[in-house]
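Below: one structure, written as structure tokens.
The values are calculated or read from the model by the stated rules, or taken from the named source; none is laboratory data. Since the model is a prediction, treat every value here as computed from it, not as a measurement. Cβ coordinates were reconstructed from backbone atoms using ideal geometry, including for glycine residues, and neighbour counts include every protein chain displayed.
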Amino acid sequence: MNKKIAGFISVAELIIAVIMYFAVAYQFDNDPVIMKILPGTDFEATLLRLSIYIIPGINIIAGIFGITFNTKGILCFAGVLEILAGYLTLYFKGKSDLMNVMGIIMIVFAILFIICVLSIRKNRNKTKKDIKKRSR
């Protein structure tokens with residue numbers, strides 16, 4: 001069951017990546033708070049300009065990792081990346097309610113994903129050899 005939930009969240013992250021690309025691009029043109037930061041040359045302005053690639057890119061990476069890999073460490077890393085993308089979205093939300101909601105959704109999905117990944121147990125089929133080794 002947890003594997004199915006983690007798979008659903010991974011597919012949802014890929015869909016969120018498309019939504020976030022257009023949301024961030026729209027925000028660059030229409031949000032007055034963001035438009036004040038963009039002309040700067042400091043780290044915050046540079047990170048804001050790169051966020052059009054960083055936020056959807058992290059969503060794509062986390063979604064692909066969730067679909068492709070089975071290792072708990074890599075999947076937890078993908079969840080942490082998703083939390084980072086959610087934080088960046090909340091940090092650069094400006095006056096956009098959509099960005100606020102999407103940032104919260106990304107963080108909640110990441111936390112649920114990490115919980116699902118950590119609670120997945122490997123069901124190992126016991127063979128006759130394993131049973132004999134344990135009885136000795």
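The table that follows gives values for the structure above.
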{"item": "Within region 17-47, considering residues that are within 18 Å of ILE105 (Cα to Cα) and of a type in the set (A, V, I, L, M, F, W, C), the one surrounded by the most Cβ atoms within 10 Å (Cβ to Cβ)", "result": "MET20"}
{"item": "Options LEU84, LEU50, LEU112; residue that is at pLDDT 90 or above, more than 19 Å from LYS4 (Cα to Cα) and surrounded by fewer than 22 Cβ atoms within 10 Å (Cβ to Cβ)", "result": "LEU84"}
{"item": "Some residue of region 53-72 being in contact (Cβ under 8 Å) with a residue 60 or more places away in the chain, surrounded by 13 or more Cβ atoms within 10 Å (Cβ to Cβ) and within 19 Å of ASN2 (Cα to Cα)", "result": "yes"}
